[in-house]
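Novice: My structure is below; once you've seen it, I'll send some questions.
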Amino acid sequence: MTSSEAEPRRRSPLEHRSIFLIALALLVGISLAAEFTSYARPDTGFLLDAAARILGGARPYVDVVEINPPLIIALNMLAVLAARQLDIPDILAYRLGFTAALFGAILLTAAVLRRVIPGETALQRAFLLVLGFVLFPLAGQDYGEREHLVLALLVPWLLVVTARRQGREMAPALALAVGVLAGIAFALKPHFLVLWVLGELWIRIGRRTAAKAPLPETLAIAGVLAAYGLAVLLLTPQYLELVRLLGGSYSRFLYDPFYRVLLLGPGSVLTVFALLAFAALRRHARHPELWQAIALGAAGCLLAGAAQQKGLRYHLYPSFGLAIGLLGLVAWDTLLPLRERVPLIYRRLAVSVLAAAVVVVCVQNAAVAVGDRQDADQDQLEKLVEIVRARAAGEGVFVMSYHLRSAYPLLNYSGAHSASRFPHLWILAAEYADALRSSEPLAYHAESEMSPSERYLNRAVLEDLRKQRPKLLVVFRHARDLPVNGLRRLDYVAYFARDPEIARALDDYELVAELGDYLVYQRLAPGAAPLGPPPSVTPGTRDVVRVEEGGVQLHLADPTMLIAVSAFLISLLALKGVDRA
């Protein structure tokens, strides 16, 4: 009797359905506990507020100015309508609906996986566990962002692309459903169309799909995009006018060069490492087409995120989320044992990085869930919410700041509504981007020197102050006029008070609260004598506190760093021991 006959095959723990479900429930549970016990994100707050205002009669891209296409507002309108029917807060309705969409994406992924790797129960469940980690705990601060939904909708499509590359048949109804969802993803974030192009080319380069036969998912994607484009032209033609007016200005706002985001953006290093591990180990893959599809997705999403040239974490979340998926394949789908040194080293490193990421992210989610991560910004938000709720619940509030976080979710939780058509005054930050980096004193443009975007901003602010007559003005306090303070050099009162009509409108307010970075002014009642000063031009006295000046630094005494290093080293040593056995 041979040794292989004497020893039964070892079953993977994931072949036990109960173990898989418990592990998935733990990942999802820790994420939802953190999400439902924390404040909503600024983007979530604004889009829900914008949707509610449009349902109330405001005109999109006129009374509510948003630079992104209208589909995301339409989806938020569904959340607002559901909240009204269920008599629950908008934010809760959005979170419940978004979570349901994520569960639906996992179920759809499971259905497609059974066709891509049939009979591979353990690998299917391992892939779903990694996907559960990516869509729930890893999302963290990006939970509910458009990119979060984009990733959830694109994973099933990447698996269908894998099946096409393998030459497998796919049920037309399933392929159509996957294509429709992928079309919605591309409509939400057109930058990710680069991934569609790469996927279609990859299928056809494989020569397993007849070029003359359009695939059902391809037709579905094209149909969704064509219908969406037509709907934009017919229903919101103002969007195209707004893009023409503000597109150039928006491209300068928070500008970060493509190459820098590609190489140094949040999560870019992880994505590049995962792609290098793929290159080193691809010859040892048990299911090479699956590896190639996920690697293609990670690379395409990295390009799409870098193309936005903002360097924001959520822009790159799909790429490093898929990179985690690729590391998961390295862990569970590699032909073992490895005899070559380079692939062996890469596998050890890849699995150790994956283990460290899972441990650290889960610990961070747990800390948020138990309320152990409250910081000065959250304290300030809670106090502002109390002030605004007490003085302007149900009324209009105009927030003067370049940062969306200044207005949202402050307005959502305080029960006030925005009296400005803008989510924040990013146009001002974009128009003075070069001047804010200069060592020269900041000089504001005369009207004759203003671009069309800047003139539009000034007209809009005056119109909103006159028409909306906000109960409160919340002004983001400016810092000293030094290059080190960047966007905080902007003095909104000094800037807008140069217009005599805006200056007269500001004179109707008195200071009622000073709270950290914010000054709160309240509109005087008719005939009332002011008790506090009106908004006035004063020199900045503060400087922005930066990491290198003694703020939060990542060092070996930091618990997160210690946990990450410990998990990485333990995993690395364990793998070395297994390889030597």
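Novice: What length, rounded to one decimal in nm, is gained on full extension from residue 484 through to residue 205, with 0.36 nm per residue of separation minus their alpha-carbon distance?
Specialist: Numbers: separation 279, 0.36 × 279 = 100.44 nm, distance 5.09 nm.
The span from residue 484 to residue 205 would gain 95.3 nm if fully extended.
Novice: Write out the trypsin sites (Lys or Arg not before Pro) in the range 8-110 meeting two conditions: DSSP loop, and at most 10 other Cβ atoms within 10 Å of their Cβ.
Specialist: Hits after loop and neighbour filter: 9, 10, 11.
Novice: How big is the Rg/Rh ratio for the range 47-125, C-alpha atoms only, Rh by Kirkwood, two decimals?
Specialist: We get a ratio of 1.21 for the range 47-125.
Novice: Would you mind ranking 521, 228 so that the residue whose beta carbon has the fewest other beta carbons within 10 Å leads the list?
Specialist: Ascending number of Cβ neighbours within 10 Å: 228, 521.
Novice: Now, a different point. Please list, in order along the range 65-77, the HN-Hα scalar couplings obtained from phi with the Karplus expression 6.51 cos²θ - 1.76 cosθ + 1.60 (θ = phi - 60°), rounded to whole Hz, x for Gly and Pro.
Specialist: Once rounded to whole Hz, the list reads 9, 9, 7, 8, x, x, 4, 5, 5, 4, 5, 6, 4.
Novice: If you don't mind, there's one more thing I want to ask. Do any trypsin sites (Lys or Arg not before Pro) in the range 132-193 lie in a DSSP loop with no more than 16 other beta carbon atoms within 10 Å, and if so, which?
Specialist: Those satisfying the criteria are 168.
Novice: Also, I was wondering about something else. Please give the net charge around residue 142, taking every other residue with its beta carbon less than 15 angstrom from that of residue 142, where Lys and Arg add +1 and Asp and Glu add -1.
Specialist: Working: positive: 41, 95, 146, 189, 310, 313, 405; negative: 35, 43, 145, 147.
Within the 15 Å Cβ shell, the charges total +3.
Novice: Moving to a separate point now. Could you pull out which residues in the range 79-106 have an amide N less than 16 Å from a spot 7 Å beyond the Cα of residue 393, following the Cα-Cβ vector?
Specialist: Hits in the range 79-106 for residue 393 at 16 Å: 89-90.
Novice: Cα convex hull of the range 37-253: how many Å³ per residue?
Specialist: Taking only Cα atoms, the range 37-253 has a hull volume of 149 Å³ per residue.
Novice: Where the only charges are on Cβ atoms (+1 Lys, Arg; -1 Asp, Glu), what is the dipole of the range 376-540 about its Cα centre, to the nearest 20 debye?
Specialist: Details: 19 positive and 22 negative charges, 72 e Å.
Magnitude of the dipole: close to 340 debye.
Novice: Explain nothing, just the number: relative contact order of the range 376-540, from Cα pairs under 8 Å at least 6 residues apart, as a whole percent.
Specialist: Normalised by residue count, the contact order of the range 376-540 is 22 percent.
Novice: May I ask you to evaluate 6.51 cos²θ - 1.76 cosθ + 1.60, the Karplus curve with θ = phi - 60°, for each residue of the range 332-343 and list the ³J(HN,Hα) values in order in whole Hz, giving x for glycine and proline?
Specialist: 10, 10, 9, 6, 10, x, 8, 9, 8, 5, 5, x
Novice: Right, another one. Sorting check: for 459-467, 326-334, which peptide has the highest mean count of neighbouring beta carbons within 10 Å, and how do the rest follow?
Specialist: 326-334, 459-467
Novice: Another question about this same structure. In square nanometres, what is one fourth of the surface area of the convex hull spanned by the alpha carbons of the range 376-540?
Specialist: Details: hull surface 37.5 nm².
The number I arrive at for the range 376-540 is 9.4 nm².
Novice: May I pose another question? Of 314, 183, 268, which is farthest along the charge dipole of the chain in the positive direction, counting Lys and Arg as +1 and Asp and Glu as -1 at C-beta?
Specialist: 183
Novice: List the trypsin sites (Lys or Arg not before Pro) within the range 331-429 that fall in a DSSP loop (any state other than H, G, I, E or B) and whose Cβ has at most 11 other Cβ atoms within 10 Å.
Specialist: Working: sites: 339, 341, 347, 348, 373, 383, 389, 391, 405, 421; in loops: 339, 373, 421.
Hits after loop and neighbour filter: 339.
Novice: Neighbour counts of other C-beta atoms within 10 Å: give me 537, 116, 493 arranged from fewest to most.
Specialist: Placing the least packed residue first, the sequence is 537, 493, 116.
Novice: In the range 425-446, which residues have a backbone nitrogen under 19 Å from the label point lying 7 Å from residue 499's Cα in the Cα-to-Cβ direction?
Specialist: Inside the label zone: 425-433, 443-446.
Novice: In debye, nearest 20: dipole of the chain around its Cα centre with unit charges on the Cβ of K, R (+) and D, E (-)?
Specialist: Around 2180 debye, computed over the chain.
Novice: Given an 8 Å cut-off on Cα distances and at least 6 residues of separation, report the relative contact order of the range 37-253 as a percent.
Specialist: It rounds to 22 percent for the range 37-253.
Novice: Here is a further query. Looking only at the range 107-121, which residues have a backbone nitrogen under 17 Å from a spot 7 Å from the Cα of residue 171 in the C-beta direction?
Specialist: 107-119
Novice: Given a Förster distance of 41 Å, report the FRET efficiency between residue 565 and residue 451 from their Cβ-Cβ distance, rounded to the nearest 0.05.
Specialist: On the way: r = 49 Å, r/R0 = 1.20.
Step by step, r from the Cβ atoms, then E = 0.25.
Novice: Now for a separate question. Along the range 36-49, what does the Karplus equation 6.51 cos²θ - 1.76 cosθ + 1.60 (θ = phi - 60°) give for ³J(HN,Hα), rounded to whole Hz, x for Gly and Pro?
Specialist: So the Karplus estimates, Gly and Pro as x, are 7, 10, 10, 6, 5, 7, x, 4, 4, x, 5, 5, 5, 5 Hz.
Novice: Using amide H atoms built 1.01 Å from N in the peptide plane, name the residues 5+ places from residue 513, or on other chains, whose amide H lies under 5 Å from its own.
Specialist: HN-HN under 5 Å from residue 513: 520.
Novice: Here's something else I'd like to know. Sequence gap at least 6, Cα distance under 8 Å: using those rules, report the relative contact order of the chain to the nearest whole percent.
Specialist: 14
Novice: A follow-up question, please. Hey, fewest Cβ within 10 Å first, where do 508, 434 land in order?
Specialist: Going from sparsest to densest Cβ surroundings: 434, 508.
Laboratory data are not the source of any read-out in this text; all were calculated from the coordinates shown. From a predicted model like this one, the values you see are computed outputs, not experimental measurements. Neighbour counts are summed over all protein chains in view; Cβ atoms, including those assigned to glycine, are modelled from backbone coordinates with ideal geometry.
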